[in-house]
Amino acid sequence: MSMTQQATPAVGTPPAPGQKQSDGRTRQRPLALRLLARPEVGVFLGAVAVLVFFLFAAPPVRDGSSMANILYQSSTIGIMALPVALLMIGGEFDLSAGVAVITSALTASMLSYQLTMNVWVGVIVALLVSLAIGAFNGWLLVKTGLPSFLVTLGTFLILQGVNLAITKLVTGNVATDDISDMDGFAQAQKIFASSFEVGGVNVKITVVYWLVFAALATWVLLRTKYGNWIFAVGGNKHSARAVGVPVTFTKISLFMLVGFGAWFVGMHQLFSFNTVQSGEGVGQELIYIAAAVIGGCLLTGGYGSAIGPVFGAFMFGMVQQGIVYAGWNPDWFKAFLGVMLLGAVLINLWVQRTATRR
């Protein structure tokens, strides 16, 4: 008889039907924590709270025309807040965004009027100028390694001075001339500053553009290689470059997207009011950045969404018009914005810590 025995594997008790096996090292987080991990969830809840508050504090808000006006105010902020948010996710921000809007509008207006050209010539040249400003900001940042704060602060001061000086030099005034009777104005106005009726309520076309741009930005961030590049360069540009991400192209193109947004909003302002005040735009860059921050974007980069700034811009529009409809002193608007910004930063910090807690 052989003295050896064949080893037989130990047979354990099989798991009960429907029971999932776990090695104890990983576990699925609760649904609430997974939702909190989304950067837009906190601002969505905040937007709902602000809306409910003003529905009770300001009864005129319940009217359809009032809500359309709120959406319009939100859209003029939100269209610019979207590219600013993408830039912030990419790890940078642009302090020249506000005055760049006015630079675009001034370029189109003065070029068309002073040279007696079709306004579409001015529109196209303004687009090229806006893209060039964005490209310059991105190129200078990449080549010098300077912080975007310093680069765009310099651009902000340059554009602010150029806007005023060139306008006074060309027109003899601080505002451009009325271009409403020029060739091409009616067609351009239909594209950039028209409105349509929904249920008897007049809605501005910028609301539609705002939502379309938000959907497009969300798709780019979540479904394209370029969106992955944005998150990568915002998280760690050196690591991103090491794995083949075109950091230079991504940074410069993000600044050019801000330039495109400035051009679009500038054209809306021009064809809405027929003229442009050269001193406007100062301080608007902070509104755009604040809308992105309230929407869940981090100043450190690598985190955020395109949907969050939509709700952030809506909160701004809601507060701005809600104060008026409530009959309060409009001077409180900036104070409300400051409270909203600090509250959003604290909530986002709490949300991130809660969401990452195992």
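Numerical summary
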| read-out | value |
| --- | --- |
| Shape of the chain, Cα gyration tensor, a/c cut at 1.5 | prolate |
| Förster radius 22 Å - calculated FRET efficiency between VAL162 and ALA132, Cβ distance, rounded to 0.05 | 0.95 |
| Cut-off 15 Å between beta-carbons: net charge of the residues surrounding ALA193, Lys and Arg +1, Asp and Glu -1 | +1 |
| Over the chain, relative contact order from alpha-carbon pairs under 8 Å, at least 6 apart, % | 35 |
| Cα gyration tensor, the stretch 229-331 - rounded (a/c under 1.5), prolate or oblate | oblate |
| Lys pairs under 19 Å by Cα in the chain, provided they are eight or more residues apart or on distinct chains | 6 |
| Point-to-point label distance, LEU299-ASN236, nm (Cα→Cβ direction, 7 Å offset) | 2.3 |
| Residue-span extension gain [VAL339 to ALA215] - 0.36 nm each, minus C-alpha spacing | 41.8 nm |
| Candidates LEU141, LEU45, LEU254, ranked by Gaussian network fluctuation over the chain, Cα under 10 Å, top entry | LEU45 |
| Sorted peptide list for 190-200, 290-300, 129-139, 305-315, criterion being average Cβ within 10 angstrom, highest first | 305-315, 290-300, 129-139, 190-200 |
| Inter-site label distance for PHE260 and VAL48 at 7 Å from Cα along Cβ, in nm | 3.3 |
| Packing-based ranking, highest mean first, of 234-243, 100-109 given that Cβ atoms within 10 Å are counted | 100-109, 234-243 |
| Over the chain: helical MRE at 222 nm, DSSP H runs n ≥ 4 each giving -39500 (n - 2.57), nearest 500 | -23000 deg cm²/dmol |
| Modelled FRET efficiency - R0 22 Å, TRP139 with ILE191, Cβ distances, 0.05 increments | 0.15 |
| Dipole magnitude of the chain about its Cα centre (Cβ charges: Lys, Arg +1; Asp, Glu -1), debye to nearest 20 | 1800 |
| 17 Å reach of a label modelled at ASN173, 7 Å along Cα-to-Cβ, counting backbone N of the stretch 108-123 | 108-116 |
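FYI, it's all coordinate maths here, none of it is from the lab. Every value quoted in this text rests on a predicted model; they were computed, and no experiment measured them. Cβ atoms come from the backbone with ideal geometry, glycine included; neighbour counts cover every protein chain shown.
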